[in-house]
Structures are given as structure tokens and as C-alpha cells.
Amino acid sequence: MNKLDYLKACFQALKPMENISWYVNMFAIPVPAVKDISTMKHLDLICQQDGLKVVLSTPEGNVLENIVDYQKGKPLFSMEDTLKVDSSWLPSIKETSEKRLGGLIINAVVLYPVVKDKLPYLNTPITEKKIEALFASKMIDVSESKSPDKDILVSDYVDFMDRLWFFTSVADLIVMASSYKTISAPVGADALAKKLIEENKDNINDPVVVAQILGKLTDLHDDQLKDDPVAKRMFDKKALTARKKQYLMYGETNDFVTSHQSNPVLTPMVKGIDTSEDIFPLYMNDLRYASYSRGHSTQLSGYSYKILQRSLAGLEITDTPCDTKLGLVRLVSKPEKLVGRYIAVAGKWKLVETPDEAGAYLGKLVTGRSPMFCTTSNDNEICYACLGEMYKGQTNAMNNLAANFSGELMSLFLKRMHTSGFSLTKIDSNDLFN
């Protein structure tokens, strides 16, 4: 048996994949062990001195079969491995395609056993918002269910979350390790920085010049990490910013003095902090500005929360759709936000139910129902259809919406203290004025 045949057998049986030990055997380096195979379960793995073997249950008892392509000192698989699979692996896969193993496991262990074909295969990246949107568009109470083969019940969602929580314990076992590239400076970065600084030494206080230098250093950095799987999966925007300050150039700093001139720190943190009289205060002001910004921005968002709560406290959501014919026109850049919303199609309001359905509108102008055009007769009410399907039956949801909106404001305010530096953008005057 080769390792791919073994993996497929596990997907078809599913039971082995519901045990933490399976993930240790699959994604860690096997260590030889002595075990009584008569007490082991079907498809368990055991590493012996002469190789890795799988336990197969037969009428005569358990027997061992070699994993013929096992490489000593290496794990069988990585979560990043891409496999060509079809419906024989998982019924929700409708046609032969390549899937990342991590996403394949989540679908097989967490999603499909609960909902079967009620939801499509969930492609990676799998995010909390994406999952919530999928369930919210179809989730109903058992007393309201009229089509058991299509409806997703609240109990299904609870079951799904229980299965998802299983992976919080698994995650500690299969965290991707750092690679050499991600923990070392990009090759040639120091020499390139010296060259660019020397070439632009007479204009080093020009923010455009600083942005150009950082841009070229960033290009070198990104080019060296583009094929690194750890960087691809583990680095978010904040981590990349910290890494650039560490290895490329500290760059622009926040200060309490507003100026059109740039006063960047030209050395990276890996070379240590510059303690000279003109540079050291820049580090300190960067830290002080962040502390000040946090307090000031929290104050602004807290004030907006009070205003929104008081303004919207009297509004209720009604389960009777209004007869509005108007909507808000938007260019769709994030189609997942259309799931659970009503849009105008052929003169009628149509509910967008799935991410696949929403994806068809990417890059297109759509007219969606909006509270701005709700025609509910009661001034203190807004119909659920103008807000979104997920608010049906949520009479007092406006308070939650107000809290969510003020939270978004807080995020916008607080982002200011986590960013420093300049970037370049080309502006076409025709686009700007026409």
C-alpha cells in the first residue's frame, strides 16, 4: 500500500481521522515503537525498525502492511500538500480537482458529516466569516423545517462547531515550523539598502524617495519568499511589516510633529537601535505616538458607540418584507458579502444563498436592498429583507448592528498606530476627474 492509498482509505472510513493520534502519525516524524498489534484499530499506523506499517483488520485478526513509499525521517504528509481528488474521496467534491490537504480534512471531518450535500465543498482559505455566512443563509429552527434534505438546523450548526473545536487541540500538534528563509534576512538586502541610500543621499528627506527605496527593498524581500510555503500561510500584513523593519529598513516613524519632510531611520532593527541624538528620539516617539493613539482612538470609538446606540435604540426589525422597488447600487469586490442579501434580478428581488452563487457577481454592478430605501409604513421599523435574511426574527438586532459598526470605527482608528511609512500610488488624472 502506498501512502496516498492509505490516506484515501482513511477518508472513506473517517473514524481514524476523528482521533488526535491519527494527526500525530500523519504530520509528525514517526518514531519506531513496540506495540501489540492485536489491540490496535483498523488503519492505525505503527513505525517499526524496518519501516512504517498500517494495521488492517481481517476475519483472522489484525495484520500489518507496509507503506511502500514511506521515507524515513520525514512525515507522511504536510497540510500544504495538494492532492488530485474526486467524489470517491468526499461526496461533496463534484468533479476531479486539486485540493489542499488541510482544507480537505476540514471538509471531511467537520462539514460533510453534519450537512452532507446541503452545503457545497468549502474551498480554502476557510475563515470564520465564510462559515458563518454559509450557515446563516440556511439555518432555521427544527419547528420551521419543511425540507429536511435542504434545511440546516440550529442543531446542525452546534454539531458543526463541536467538530470544529476538535481541531483546537489538533492545531498544537501540526503547527507549521519556521523555514530558514522566514527567520533570516533576505540575501543581498543590506548591500541593496546601502546602494540605494548612497544614490539618494541628497534627497533622503523626500518621502517619495523613501517610499521608492523601501519599495525596491520590499520587491527583493517578496521575491525571495514567494515560493516559501511558511511565508505564504503564516505571514499576515502585520508580521510582514515587522519583518521588513527587522531586516530591510526601519523606515518612516510616527511623530507628534506634522511635516512634509521625511526623517526615516535608515538601518534595520537587526543591526540594533541607533542611539545617536538625532535618531534615538524617533524610536521613542514612535512608541509614544502609538500609546497616545490607542487612548485617543478608543475614546472616539466609545463616543460613537453611545451616539449610535441612542440613535437606533427605538428601531425594530419586522418580519414582513416591504414593497420597495429601489436599492443601493454597488460594485461587487467581495462577493461573499452578498450571501444572505437580496439583489435585483430581472425586476425582482432575489436572495443570494451560497458563496458560489455570489461569486458570479464579482466585478459587476448590482442593486441590493438597503435600509435607506425601506418603505415599511411604521417609522420605527425596518424590514428584515432590506437588512438581510440573517436578521429575520431578530427584532432588536439594530442594537447589535450599532455595536458592530462602532467596532469597525474602532478598528479604523486603531490601525493608525500600527502603521508608519509611505507608499507610492500612481494616479491617472483621467480616472480622478472623469
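No value in this document is a laboratory result; all are computed from the given coordinates. Predicted model only: the values in this text are computed from it and were never measured. Heads up, the Cβs are rebuilt from the backbone with ideal geometry, glycines too, and the neighbour counts pull from every protein chain shown.
Ordering 289, 212, 225 by the projection of their Cα atoms onto the charge dipole of region 202-294, which places +1 on the Cβ of Lys and Arg and -1 on the Cβ of Asp and Glu, puts 225 at the extreme positive end.
Karplus-derived 3J(HN,Hα) values for region 233-248, using 6.51 cos²θ - 1.76 cosθ + 1.60 with θ = phi - 60°, are 9, 9, 8, 8, 4, 5, 5, 5, 4, 5, 5, 5, 5, 6, 10, 9 Hz; glycine and proline are entered as x. Each Cα pair under 8 Å and six or more residues apart adds its sequence gap; the mean of these over the residue count of region 249-330 is a relative contact order of 24 percent. Each residue of region 356-373 was assigned a 3J(HN,Hα) from its phi angle through the Karplus expression (A = 6.51, B = -1.76, C = 1.60, θ = phi - 60°), giving 5, 5, 5, x, 5, 9, 4, x, 10, 7, 10, 9, x, 5, 9, x, 4, 10 Hz with x at Gly and Pro. Applying the Karplus relation 6.51 cos²θ - 1.76 cosθ + 1.60 with θ = phi - 60° to region 102-107 yields 3J(HN,Hα) values of x, x, 4, 5, 4, 4 Hz, where x marks Gly and Pro.
Counting pairs of alpha carbon atoms under 8 Å apart in space and at least six apart in sequence, what relative contact order in percent does region 81-140 give? Reported relative contact order: 28 percent.
Distances between placed amide hydrogens fall under 5 Å for residue 152 paired with 140, all partners being 5 or more residues away or on another chain.
The charge dipole of the chain, taken about its Cα centre with unit charges on the Cβ atoms of Lys, Arg (+1), Asp and Glu (-1) only, comes to about 280 debye. Shape descriptor for region 156-280: Rg over Rh equals 1.14 (Cα atoms; Rh from the Kirkwood inverse mean 1/r). Each of 111, 401 was scored by other Cβ atoms within 10 Å of its Cβ. Listed from fewest to most, they are 401, 111.
With a cut-off of 8 Å between alpha carbons and a minimum separation of six or more residues, what is the relative contact order of the chain in percent? Walk me through the intermediate numbers first.
Working: 578 pairs, mean separation 49.8, N = 434.
Across the chain, relative contact order equals 11 percent.
Only one residue of 142, 188, 240 has its Cα farthest out toward the positive end of the dipole of region 99-255, where Lys and Arg carry +1 and Asp and Glu -1 on Cβ, and that residue is 188.
Assign one of three labels to region 1-77, namely rounded, prolate or oblate, based on the Cα gyration tensor with a ≥ b ≥ c the square roots of its eigenvalues; rounded applies when a/c is under 1.5, prolate when it is not and a/b is larger than b/c, and oblate otherwise. Before the final figure, lay out the partial values.
Numbers: a/c = 1.41, a/b = 1.13, b/c = 1.24.
Rounded.
Taking trypsin sites (Lys or Arg not before Pro) across region 335-409, the ones in a DSSP loop with at most 11 further Cβ atoms lying within 10 angstrom of their Cβ are 364. Here region 81-142 is assigned +1 on the Cβ of each Lys and Arg and -1 on the Cβ of each Asp and Glu. Its dipole about the Cα centre then comes out at about 60 debye.
Of the options (i) -0.45, -0.56, -1.51; (ii) -0.56, -0.73, -1.30; (iii) -0.38, -0.49, -1.35, only one is log10 I(q)/I(0) by the Debye sum over Cα atoms at q = 0.07, 0.08, 0.14 Å⁻¹ as computed from these coordinates, and that is (ii).
In this structure, residue 163 and residue 201 have a Cβ-Cβ separation that, at R0 = 45 Å, corresponds to a calculated FRET efficiency of about 0.15.
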